[in-house]
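Working notes for the structure below.
The values are calculated or read from the model by the stated rules, or taken from the named source; none is laboratory data. Source: prediction; values computed, not measured. As a convention, Cβ positions derive from the backbone with ideal geometry for all residues, glycine included, and neighbour counts pool all protein chains shown.
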Amino acid sequence: MSVDNEKMQATWQQFFGPNLGYIQEQYEIYSQDPQAVSPQYRELFAQYGAPPRTDASTTSNAASELSQGNAKAFDASMLKKAIAAGQLASNIRAFGHLAADIDPLGLSPQASAEMIEPATYGLTADDLKLLPPDCIWEDAPYAFNNAWEAAQKLREIYTGPIAFEFGHVHAEEERKWLNKQAETVIPSTKLLASERESLLRKVLEAEQFEDFLQRTFVGQKRFSAEGIESLIPVTDEIVHELTNDGARHIAMGMAHRGRLNVLAHVLGKPYGNIFAEFHNSPNKNLIPSEGSIGINYGWTGDVKYHLGANRSVQSGQTAETRITLANNPSHLEYVNPVVGGFARAAQEDRSKPGYPEQNLDSAASIVIHGDAAFSGEGIVAETLNFSNLKGYMSGGTIHIIANNRIGFTTESHDSRSTHYSSDLAKGFEIPIVHVNADDPEACILVARMASQYRTLFKKDFLIDLIGYRRYGHNETDDPETTQPLIYKKVKAHSPVASLYSERLVREGALSAEGADQIKRDVVNKLKTAYEQVKGQEQRNPIQQSHPKEFNPAAPKPVTAVPIEKLRQINSNLLKWPENFKVYGKLQRILERRADALNDGEKVDWGQAETLAFASILADGTPIRLSGQDVERATFAHRNLVLHDSETGDTFCPLHALPEANASFAIHNSPLSEAGVLGLEYGYNVYAPETMVIWEAQYGDFVNVAQVLIDQFISAGQSKWAQRSGLVMLMPHGFEGQGPEHSSARMERFLQLSGEENWTVAYLSSAAQYFHLLRRQASILNTQEARPLIMMAPKSMIRNPYVASPAEKLSEGTFQTVIEQPGTGPNAKRVERLVLCTGKVAIDLAEELDKTPDIDRDWLHIVRVEQLYPFPKQEVKAIMDRFPNLSEVLWVQEEPKNMGAWSYMEPRLRELVDTSKVTVSYNGRPKRSSPASGYQQIHVFEQQFIINQALVQKKKTAIKSGR
Ligand SMILES: Cc1ncc(C[n+]2csc(CCOP(=O)(O)OP(=O)(O)O)c2C)c(N)n1
């Protein structure tokens with residue numbers, strides 16, 4: 001036997017039983033494609049060719065001891081072990097995170113690591129040493145001698161400072177990519193010396209910035225990032241990666257924690273500006289804010305840790321990336337949908353008719369969450385649900401949970417039922433990586449992975465960055481009162497910058513002197529910036545722009561559209577592709593619109609809306625309309641997306657309109673109010689030239705989105721100079737449908753009205769709607785831009801009293817008040833002025849028509865179409881026409897503690913001489929629930945209100961003998 005032959009024999013004799021079967025299988029793969037097997041097998045087969053067909057191990061040491069009978073038993077047991085090894089491997093991948101090194105303070109009880117122990121599967125180290133590495137890790141990129149070595153490496157990867165959770169990601173391609181990143185790319189990536197040095201500088205900057213503020217501005221709150229400083233380089237890395245990948249807009253949202261640090265080091269806000277804000281913020285112990293004692297005044301309309309910022313960075317020769325940190329209210333997580341709206345708006349080209357063209361590469365978003373807030377606040381789920389919805393997605397948000405393991409004073413075991421704060425994201429198949437914030441290098445690698453995943457797959461990714469909180473909830477809180485044990489550990493724990501600095505010195509990447517020098521540089525930079533602002537304590541706070549006073553005398557925009565143009569648009573809107581079969585019933589309804597602009601005909605609410613949209617598009621203003629079932633509309637009056645009754649294909653006439661000069665987006669929204677309203681608000685803020693309209697299913701449901709209304713839509717301009725021209729349509733009206741389908745809670749909007757923050761309207765005609773929509777479109781992106789809050793109609797949609805002749809659209813403009821035709825012709829005789837708004841005005845008009853013979857010269861009725869800003873001059877001018885006026889009566893269908901009464905009463909009193917004129921109320925009494933659940937009661941009450949409004953007081957008294 002030649003030496004080579006002997007070697008070959010000896011080699012093959014190592015393989016017997018299932019091992020031999022395995023090696024034969026590998027050879028078959030190799031013979032098809034040598035690259036498809038691992039390098040050591042490739043080498044083996046190249047040298048010795050095919051393995052023997054039969055078990056050559058009869059001569060091997062191990063097998064020679066076996067008789068023929070027990071060889072079979074041996075094979076079976078090895079086969080079992082090979083299968084068990086496979087199970088072990090897959091559970092290391094799935095559950096390794098439970099034993100990972102992701103708990104910097106060692107706060108959690110060590111999770112059971114049974115799932116990843118060989119013994120759990122009846123395996124010993126020796127068993128695994130007899131198995132080939134591929135039993136554990138097919139195509140491993142490392143040269144292992146056996147399965148034991150492979151298992152050890154796998155364990156090291158999955159239980160290190162990075163813990164991977166991908167089991168819930170079902171897309172095969174993504175899982176492969178994620179596993180490859182976890183098992184090959186990340187373990188084999190070593191940061192360059194320059195990258196390590198720069199990383200140390202960044203964690204030092206984050207740490208020293210907080211330290212400097214702590215020492216310089218004693219007692220001021222800043223919600224420091226200490227304990228989770230790696231958040232800063234992680235966010236910065238993601239911003240850079242996304243920018244390099246072509247994003248020209250990066251929208252960011254975050255709460256208070258670490259915000260000043262992010263502003264300074266990611267958004268590049270100069271230290272000097274931040275210090276100046278602290279100077280201008282004497283610590284006034286007035287009102288508790290954020291649950292602490294003491295309040296800091298920021299230099300604009302909000303505390304400084306809520307303020308957003310913009311930054312433009314040069315990317316390449318010509319391109320620029322705009323990075324925006326959204327302004328944020330205290331209300332945790334509510335900024336999330338707003339950021340989604342920013343990103344979506346940035347991605348869309350709205351310049352052409354049709355749906356806007358979306359480019360997912362052009363913008364991306366990053367949202368930083370708190371660990372308690374992420375698992376606790378429902379708005380998080382609403383926003384995650386956008387991630388795959390065509391009208392709402394923006395190609396992947398990178399989420400970072402700045403996980404300090406505590407929410408205010410509440411620990412995780414009291415704040416969530418799930419193991420991880422991030423568990424909610426699993427339902428959305430979002431890859432999750434937990435990473436130890438004390439290992440900045442691991443954090444950077446994860447940041448890169450997240451960015452690459454977003455760029456490749458255009459989907460969300462979640463980084464659970466686990467650190468701790470060095471101070472209390474804020475710096476004035478004493479956390480030891482409630483978490484004495486945790487804070488013992490915190491005090492004994494070195495900050496990440498020290499840990500990393502020591503590591504770099506230990507590993508010879510940096511000299512001790514070099515590390516100290518970096519720290520000195522960082523501190524000096526802070527000191528220099530401070531020296532420059534010191535002594536300027538009373539620097540003028542930066543002024544925010546405020547809209548000009550609402551000026552009723554200001555030129556009104558032309559909102560009428562020439563009749564010929566309207567007719568042409570109208571006929572184009574009634575065309576659809578030749579073979580498109582509109583559902584018969586709907587076709588007949590739509591075709592009735594063809595003649596509506598002729599003399600003697602009328603345009604109803606739905607048609608007026610479509611004509612307004614069409615003419616706005618013709619003027620070049622894009623429109624985005626979103627809300628539950630808006631394509632058809634809750635009350636089926638819109639039907640702007642037609643469905644072919646045979647093929648199911650869709651067609652939107654506004655997309656094919658030849659006159660259109662801008663995009664029209666219309667999307668049935670998911671069943672969410674807060675999330676959707678937040679996204680639409682954000683869209684409009686970022687794309688102020690776009691008419692963004694949100695419609696509630698019924699107005700009642702708007703209170704689900706109350707936070708968005710209070711914190712953003714009402715107050716955004718005054719807190720942050722953040723303009724919006726958002727339109728909110730909320731079906732409102734008392735029609736006997738019960739407590740939950742009647743009221744859009746107009747009283748709440750009126751109570752929030754101030755500083756011309758928005759327009760509140762409740763209209764009584766289709767033409768008024770047409771003009772108001774067009775007026776709103778004309779002020780978008782101007783100093784006058786403000787949200788439009790509309791109580792929208794329900795039954796009124798089809799009420800002939802509400803329909804308008806064409807000339808009301810082609811002439812005139814929006815009227816803040818409308819006088820009821822037929823009442824008050826003889827000014828001297830008018831004693832009572834009835835003021836009302838919306839549907840009740842139509843009820844009154846109907847009632848007047850029912851009783852034309854009754855003398856009502858003593859009465860005049862005026863509809864207040866625009867409630868806020870209150871049309872004081874117009875109402876006053878009407879009152880002044882009636883010398884014998886003795887009563888101003890506000891009539892409403894809402895209960896007295898709701899509707900417009902509380903808002904109107906003082907305003908009306910101001911306009912009259914109360915010694916001569918009474919101001920009184922006619923409507924339902926005060927109630928705790930808006931409307932009756934009984935139709936008969938509703939009808940009775942409604943009729944009573946109408947009668948009371950139209951019956952002369954004195955005469956009633958005489959008649960009834962009272
Ligand atoms: C909607 C809402 N509820 C309550 C609060 C009061 N609050 C402010 S911070 C905080 C704890 C937040 O904990 P976490 O999300 O873990 O963030 P951390 O402060 O620990 O960074 C609470 C309850 C709030 N700001 N918003």
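Below, the figures for the structure above:
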read-out: Segments classed as helices (runs of 4 or more DSSP H), wholly inside the range 580-690, with at least 3 members that are touching a Phe, Trp or Tyr at 6+ places or on another chain (Cβ under 7 Å) and surrounded by 15 or more Cβ atoms within 10 Å (Cβ to Cβ); value: 605-618, 674-686
read-out: Residue satisfying condition, being at pLDDT below 95, within 16 Å of the ligand (Cβ to nearest atom) and of a type outside the set (Asp, Glu), within set 276, 309, 255; value: 255
read-out: The range 200-252: number of residues that are within 16 Å of the ligand (Cβ to nearest atom) and of a type in the set (Gly, Ala, Ser); value: 5
read-out: Extreme residue, nearest to the ligand (Cβ to nearest atom), among residues of the range 710-726 that are crowded, with 24+ Cβ neighbours inside 10 Å and of a type in the set (A, V, I, L, M); value: 713
read-out: Verdict on residue 133 being under 30 Å from residue 27 (Cα atoms), surrounded by 13 or more Cβ atoms within 10 Å (Cβ to Cβ) and not assigned by TED's automatic domain parsing to the domain that holds residue 489; value: yes
read-out: Only one of 395, 370 that is of a type outside the set (S, T, N, Q), modelled with pLDDT of 95 or more and within 8 Å of the ligand (Cβ to nearest atom); value: 370
read-out: Filter result for residue 166 (closer than 16 Å to residue 258 by Cα and in contact (Cβ under 8 Å) with a residue 40 or more places away in the chain); value: no
read-out: Residue 271 being within 20 Å of residue 711 (Cα to Cα), aromatic (Phe, Trp, Tyr) and modelled with pLDDT of 60 or more; value: no
read-out: Out of 470, 448, 503, 454, sole residue that is in the same structural domain as residue 201 (by TED's automatic domain parsing) and either within 16 Å of the ligand (Cβ to nearest atom) or in a strand (DSSP E or B) (or both); value: 470
read-out: Test for residue 268: is it farther than 19 Å from residue 398 by Cα and in contact with a strand residue (DSSP E or B) (Cβ under 8 Å, 6 or more places away or on another chain); value: yes
read-out: Exclusive hit being touching a His at 6+ places or on another chain (Cβ under 8 Å) and of a type in the set (Lys, Arg), set 344, 322; value: 322
read-out: Flag if residue 363 is out of contact with any Cys (no Cβ under 9 Å at 6 or more places or on another chain), within 14 Å of the ligand (Cβ to nearest atom) and at pLDDT 95 or above; value: no
read-out: The range 249-276 residues that are over 22 Å from residue 321 (Cβ atoms) and small (Gly, Ala, Ser), paired with ones that are within 16 Å of the ligand (Cβ to nearest atom) and in a strand (DSSP E or B) (beta carbon under 7 Å, 6 or more apart); value: 255/370
read-out: Residue that is more than 16 Å from the ligand (Cβ to nearest atom) and of a type outside the set (Phe, Trp, Tyr), where the choices are 348, 382, 411, 377; value: 348
read-out: Selection within the range 407-442 - more than 30 Å from residue 503 (Cα to Cα) and polar (S, T, N, Q); value: 409, 410, 412, 415, 417, 418
read-out: Given (1) modelled with pLDDT of 95 or more; (2) more than 38 Å from the chain's Cα centre (by Cα), index of the condition residue 584 fails; value: (1)
read-out: Count - residues of the range 829-867 that are surrounded by fewer than 20 Cβ atoms within 10 Å (Cβ to Cβ) and within 19 Å of residue 911 (Cα to Cα); value: 1
read-out: Qualifying positions in the range 311-361 - acidic (Asp, Glu), surrounded by fewer than 20 Cβ atoms within 10 Å (Cβ to Cβ) and part of a strand (DSSP E or B); value: 320, 349, 357
read-out: Qualifying position, being outside any helix (DSSP H, G or I), closer than 30 Å to residue 269 by Cα and in contact with a helix residue (DSSP H, G or I) (Cβ under 8 Å, 6 or more places away or on another chain), among 191, 200; value: 191
read-out: Residue check for residue 206: modelled with pLDDT of 95 or more, in the same structural domain as residue 447 (by TED's automatic domain parsing) and outside any helix (DSSP H, G or I); value: no
read-out: Selected residue (criterion: modelled with the lowest pLDDT) from residues of the range 133-159 that are of a type in the set (D, E, K, R) and more than 12 Å from residue 82 (Cβ to Cβ); value: 139
read-out: Subset of the range 407-435 that is among the polar types (S, T, N, Q) and surrounded by fewer than 23 Cβ atoms within 10 Å (Cβ to Cβ) - its residue that is farthest from residue 504 (Cα to Cα); value: 417
read-out: Tally, over the range 384-412, of residues that are in a helix (DSSP H, G or I) and either hydroxyl-bearing (Ser, Thr, Tyr) or in contact with a His (Cβ under 8 Å, 6 or more places away or on another chain) (or both); value: 2
read-out: Members of the range 81-112 that are β-branched (Val, Ile, Thr) and under 30 Å from residue 22 (Cα atoms); value: 83, 92
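To keep it simple, each residue is scored yes or no on (1) surrounded by 15 or more Cβ atoms within 10 Å (Cβ to Cβ); (2) on the phi > 0 side of the Ramachandran plot; (3) modelled with pLDDT of 95 or more.
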{"site": "458", "(1), (2), (3)": "yes, yes, yes"}
{"site": "468", "(1), (2), (3)": "yes, no, yes"}
{"site": "471", "(1), (2), (3)": "yes, no, no"}
{"site": "480", "(1), (2), (3)": "no, no, no"}
{"site": "493", "(1), (2), (3)": "yes, no, yes"}
{"site": "496", "(1), (2), (3)": "yes, no, yes"}
{"site": "499", "(1), (2), (3)": "yes, no, yes"}
